[in-house]
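Please find one structure pasted underneath; my questions will follow.
The values are calculated or read from the model by the stated rules, or taken from the named source; none is laboratory data. Since this is a predicted model, take the numbers as computed values, not measurements. Cβ placement follows ideal geometry from the backbone for every residue including glycine, while neighbour counts extend to all protein chains displayed.
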Amino acid sequence: MKKNKVMKKLTILSAIVIILASACERSPEASFHVTNTVVDVYENVYFTNTSYNADFFRWDFGDGNTSADENPTHTYANVGTYAVSLTATYINCNDVASHDVSIPLVGIHSYSDENFEAVTLFPNPTSGLINIRLNELINGTLFVTVYNTIGKAIHSSVFENLTEKEKLSLDISDQPKGIYFIKITSTNHETDQKIMLY
């Protein structure tokens with residue numbers, strides 16, 4: 001009888017030891033930073049892992065691709081918003097952190113006609129006032145359109161009868177801080193440039 005009680009206690013004690021041994025000594029905490037949360041198609045996105053109490057990492061980039069690198073780089077082939085998640089693991093305990101990365105649907109991907117160096121935009125980044133300097137004479141009309149990251153035109157201007165070295169300006173200081181795309185078109189050329197409003 002005593003032997004059965006001792007064996008029963010040993011069995012219970014063994015089960016408790018096994019449960020405690022399989023529990024986490026420390027809980028992982030997943031976290032990371034993204035260099036840019038709004039990027040162009042095929043632009044590198046750099047992820048910096050700031051997790052702690054973890055020894056294994058699994059990234060899901062939201063587009064069907066994954067990585068086990070600690071600090072990966074990834075590119076996206078299509079427009080859209082992707083939920084990126086990082087699972088940080090220690091033994092059998094996990095924690096997950098996530099951020100969205102957006103590739104805007106605007107058809108503007110930092111394209112610039114190599115021969116169209118007639119226009120310079122500055123400063124970039126800007127607090128709202130964007131200067132456009134004409135580096136040479138542009139014949140005809142100059143069209144300037146500013147788009148937000150979801151492709152909505154937030155400002156349009158048309159300039160005619162321009163002279164060489166003329167300086168034009170736009171003011172988008174009434175817009176929220178973020179990234180904008182400026183499309184500049186003349187009779188024969190166009191350029192698309194990204195600008196940051198702070």
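So which residues in region 36-47 are assigned to a strand (DSSP E or B) and modelled with pLDDT under 95?
Residues satisfying the conditions are Val38, Val45, Tyr46.
Results for (1) over 30 Å from Phe181 (Cα atoms); (2) surrounded by 13 or more Cβ atoms within 10 Å (Cβ to Cβ); (3) among the aliphatic types (A, V, I, L, M), shown as yes or no for each residue.
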| position | (1), (2), (3) |
| --- | --- |
| Ala30 | yes, yes, yes |
| Val34 | no, yes, yes |
| Thr48 | no, no, no |
| Asp60 | no, yes, no |
| Thr73 | no, no, no |
| Ser85 | no, yes, no |
| Ala88 | yes, yes, yes |
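Of Gly80, Gly64, which residue is exposed (fewer than 11 other Cβ atoms within 10 Å of the Cβ) and either modelled with pLDDT of 80 or more or under 19 Å from Pro104 (Cβ atoms) (or both)?
Testing whether each residue is exposed (fewer than 11 other Cβ atoms within 10 Å of the Cβ) and either modelled with pLDDT of 80 or more or under 19 Å from Pro104 (Cβ atoms) (or both) leaves just Gly64.
Which condition from (1) modelled with pLDDT of 85 or more; (2) over 14 Å from Ile182 (Cβ atoms); (3) assigned to a loop (DSSP other than H, G, I, E, B) is the one that Leu137 breaks?
(1)
Sort out which residues of region 160-184 are surrounded by 14 or more Cβ atoms within 10 Å (Cβ to Cβ) and either more than 22 Å from Val41 (Cα to Cα) or free of Cβ contacts under 8 Å to residues at least 12 places away in the same chain (or both), and write them in order of number.
Across region 160-184, the qualifying residues are Leu162, Glu166, Leu168, Leu170, Ile172, Gln175.
Quick check on this structure: which one of Ala118, Ala153 is surrounded by 14 or more Cβ atoms within 10 Å (Cβ to Cβ) and modelled with pLDDT under 85?
Exactly one residue qualifies, and that residue is Ala118.
Restricting to region 60-82, name every residue that is under 15 Å from Ser98 (Cα atoms), of a type outside the set (Val, Ile, Thr) and in contact with an Asp or Glu (Cβ under 7 Å, 6 or more places away or on another chain).
Tyr82 - this is the single residue of region 60-82 that is under 15 Å from Ser98 (Cα atoms), of a type outside the set (Val, Ile, Thr) and in contact with an Asp or Glu (Cβ under 7 Å, 6 or more places away or on another chain).
Same structure, new question: From the list Thr73, Thr126, Thr87, which residue is at pLDDT 80 or above, out of contact with any Ser or Thr (no Cβ under 8 Å at 6 or more places or on another chain) and closer than 14 Å to Ser31 by Cα?
Just a single option satisfies the conditions, and that option is Thr87.
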